[in-house]
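The values are calculated or read from the model by the stated rules, or taken from the named source; none is laboratory data. In this text, all values refer to a predicted model and were calculated from it rather than measured experimentally. Every residue, glycine among them, receives a Cβ derived from its backbone with ideal geometry; neighbour counts consider all protein chains shown.
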Amino acid sequence: MRTTVDYDTLWSLEGKALLPPSLASFVQQFAGKEDLIRMHVGLPASETFPFLGFSANARRCDELVAISEPGSVSAAQQYSFGPGYPELLKWASNLVMRCHAPSVPYEIVMTAGAVHAISNIVSVLADRGDTIVIDEYAYVHVTECVLLPKGINLLPICMDSHGMLPNHLDQQLSKARLEASAAGRKPPKLLYTVPSGHNPTGLIMTVERKHKLYEVCQKHDVLIIEDDAYYWLQFYQQQKQQYVTATGAHVEDESRREQDHNEGRSSPSVQSHMVVESDRFTTATTSCSSLPGPSERPALDMTSDTPGLSQLPSSFLSMDTDSRVIRVDTLSKLMGPGYRLGWVTCAPKLASKLAMSVQGNCVGPSSLSMVLLESLVRTWGETTFEDFVRDTQRLYQRRGEVAFKAATQQSLRV
Ligand SMILES: Cc1ncc(COP(=O)(O)O)c(C=O)c1O
């Protein structure tokens, strides 16, 4: 069933109340007039900024990465109003197109990383007392520092080694809808999940599972927040033809889990690193998703030892037909968490609300980070960026194999 999501019916009270900041339009009025000091909108004179240029020693560059053009030097030290530094937005948009090729209209909003993105998404779409669907083992920082403090109720769904169980999701959403309608409450409309290198279990959701979960979300009109923090860090486990990530771990067998769940033996509660029973994991470093079928992604290219950018598994965003996927990317794991930089790819209406929300809580991510990283990826160019991604994947693959071997030997000894 194809139904394009109508975001105008979904805003939280906060989301509804957000209006385009007038300050941003005042800034636009005098854009390009560099001889003006735009103190009427609080923009200090760029001639007073202490740095006259930046240069950095970066991997894979013969020369220093230099930021010397006056407009960029000023932009790196000035406020960034709107969805982000335009040149970096362009780069991110090309990357999204290359990796996910969304078939629905989308826009990108830069944020100060993934957690900031998720916090803003929840603010504009959920009110205190609303329910959000999560994995039974959920990323603890999001539950503890974002969802629970905002007064969100959590609806955990059972998982197996391929991710959330679609049947359990369907049942829980049906039940929640009935309960919500009896109590005059809103039914759950948001699902939060981490499909690659799931935190804390490390598993990688199969593409087939994503399709099934997407269908259940369509049926119940639920939006999917796809937090794909480890997306670029996936690598092949050559012997098993599987995708693995650095955080990979094995969760118990799917059929047993499904059977347990159908027979009422499993009742999930919210779990985290601290409370996971260790015997549910075979190792801390291996993972477990079989390759999706050839119709879903290109055949595994065994001449290449890493997925790079072109052989990564299909995302929820890539299969979205209704604009119900809200994809969160972060540069934290690929470039470094210190930049505090990530972005949301979503329907244009939501993107503009998110940009307004970000304006309200930090006026925009760090301009210096955006200008610096844009300068780096421009200096690198596409090929060097992909080489960098491949080398990163190789490093985690090598380290993962060492840890896997050590863990296997250890478990044989016990
Ligand atoms: C699943 C997941 N999402 C998000 C983050 C944090 O991302 P960021 O630094 O971009 O806020 C982490 C970090 O551990 C994570 O594991």
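Say whether the condition of being at positive phi and away from the ligand (no atom under 16 Å from the Cβ) is met by at least one residue in the stretch 138-160.
Yes: the stretch 138-160 contains one or more residues that are at positive phi and away from the ligand (no atom under 16 Å from the Cβ).
Tell me whether the stretch 16-37 contains one or more residues that are touching a strand residue (DSSP E or B) at 6+ places or on another chain (Cβ under 8 Å) and touching a residue at least 60 places away in the same chain (Cβ under 8 Å).
No - not one qualifying residue is present in the stretch 16-37.
What number of residues in the stretch 359-383 are in a helix (DSSP H, G or I) and surrounded by 16 or more Cβ atoms within 10 Å (Cβ to Cβ)? Give the steps one after another, and end with the answer.
The first filter runs over the stretch 359-383 and keeps only residues in a helix (DSSP H, G or I), leaving 359-362, 367-383.
From the residues that got through so far, the ones that are surrounded by 16 or more Cβ atoms within 10 Å (Cβ to Cβ) too are 359, 367-377, 379-380.
So the count comes out to 14.
With the condition kept exactly as written, say whether any residue in the stretch 333-342 is closer than 30 Å to Asp221 by Cβ, touching a residue at least 12 places away in the same chain (Cβ under 8 Å) and crowded, with 23+ Cβ neighbours inside 10 Å.
First pass over the stretch 333-342, keeping only residues closer than 30 Å to Asp221 by Cβ: 342.
Next, only the ones that are touching a residue at least 12 places away in the same chain (Cβ under 8 Å) stay: 342.
From what is left, the residues that are crowded, with 23+ Cβ neighbours inside 10 Å are 342.
Yes, some residue in the stretch 333-342 is closer than 30 Å to Asp221 by Cβ, touching a residue at least 12 places away in the same chain (Cβ under 8 Å) and crowded, with 23+ Cβ neighbours inside 10 Å.
Please give the number of the condition Gly381 fails out of (1) at positive phi; (2) in contact (Cβ under 8 Å) with a residue 60 or more places away in the chain; (3) more than 16 Å from the ligand (Cβ to nearest atom).
With respect to (1) at positive phi; (2) in contact (Cβ under 8 Å) with a residue 60 or more places away in the chain; (3) more than 16 Å from the ligand (Cβ to nearest atom), Gly381 is out only on (2).
State whether one or more residues within the stretch 155-167 are among the small types (Gly, Ala, Ser), under 21 Å from Arg327 (Cβ atoms) and assigned by TED's automatic domain parsing to the domain that holds Ser123. Working first, answer last.
Let us first name the residues in the stretch 155-167 that are among the small types (Gly, Ala, Ser), namely 161, 163.
Restricting the remaining residues to those that are under 21 Å from Arg327 (Cβ atoms) gives 163.
Now restrict to residues that are assigned by TED's automatic domain parsing to the domain that holds Ser123: 163.
Yes: the stretch 155-167 contains one or more residues that are among the small types (Gly, Ala, Ser), under 21 Å from Arg327 (Cβ atoms) and assigned by TED's automatic domain parsing to the domain that holds Ser123.
For the stretch 306-359, which residues satisfy the criterion of being within 16 Å of the ligand (Cβ to nearest atom) and basic (Lys, Arg)?
Matches in the stretch 306-359: Arg327, Lys333, Arg340.
Got a sec? Which of Glu63, Glu47 is at pLDDT below 95, closer than 14 Å to Arg378 by Cβ and outside the structural domain of Thr383 (by TED's automatic domain parsing)?
Glu63
Among the residues of the stretch 1-46, which ones are more than 25 Å from Lys353 (Cβ to Cβ), among the charged types (D, E, K, R) and in contact with a helix residue (DSSP H, G or I) (Cβ under 9 Å, 6 or more places away or on another chain)?
Glu34, Arg38
Looking only at the stretch 22-41, decide whether some residue is modelled with pLDDT of 95 or more and part of a loop (DSSP other than H, G, I, E, B).
no
Among the numbered criteria (1) part of a strand (DSSP E or B); (2) over 21 Å from the mean Cα position of the chain (by Cα), which single criterion is violated by Trp343?
The failed condition is (2).
Quick check, is Leu173 away from the ligand (no atom under 16 Å from the Cβ), assigned by TED's automatic domain parsing to the domain that holds Ile224, part of a helix (DSSP H, G or I) and touching a residue at least 40 places away in the same chain (Cβ under 8 Å)?
Numbers: away from the ligand (no atom under 16 Å from the Cβ): yes; assigned by TED's automatic domain parsing to the domain that holds Ile224: yes; part of a helix (DSSP H, G or I): yes; touching a residue at least 40 places away in the same chain (Cβ under 8 Å): yes.
Spelling it out, Leu173 is indeed away from the ligand (no atom under 16 Å from the Cβ), assigned by TED's automatic domain parsing to the domain that holds Ile224, part of a helix (DSSP H, G or I) and touching a residue at least 40 places away in the same chain (Cβ under 8 Å).
In the set Met335, Met356, which member is closer than 29 Å to Leu191 by Cβ, part of a loop (DSSP other than H, G, I, E, B) and either in contact with a Phe, Trp or Tyr (Cβ under 8 Å, 6 or more places away or on another chain) or not assigned by TED's automatic domain parsing to the domain that holds Val41 (or both)?
On the way: Met356 fails: part of a loop (DSSP other than H, G, I, E, B).
Checking each option against the conditions leaves just Met335.
Sort out which residues of the stretch 97-116 are within 16 Å of the ligand (Cβ to nearest atom), in a helix (DSSP H, G or I) and in contact with a helix residue (DSSP H, G or I) (Cβ under 8 Å, 6 or more places away or on another chain), and write them in order of number. Give the steps one after another, and end with the answer.
Our first condition is that a residue be within 16 Å of the ligand (Cβ to nearest atom); within the stretch 97-116, this holds for 108-116.
Among the residues that remain, those that are also in a helix (DSSP H, G or I) are: 114-116.
Across the stretch 97-116, the qualifying residues are Val115, His116.
Filter the stretch 1-21 down to the residues that are assigned to a loop (DSSP other than H, G, I, E, B) and charged (D, E, K, R), then identify the one that is surrounded by the fewest Cβ atoms within 10 Å (Cβ to Cβ).
Among those residues, the one meeting the criterion is Arg2.
Hey, can you tell me all the residues within the stretch 182-236 that are part of a strand (DSSP E or B), aromatic (Phe, Trp, Tyr) and either more than 27 Å from Gly400 (Cβ to Cβ) or away from the ligand (no atom under 16 Å from the Cβ) (or both)?
If the condition is that a residue be part of a strand (DSSP E or B), aromatic (Phe, Trp, Tyr) and either more than 27 Å from Gly400 (Cβ to Cβ) or away from the ligand (no atom under 16 Å from the Cβ) (or both), then Phe235, Tyr236 are the ones that fit.
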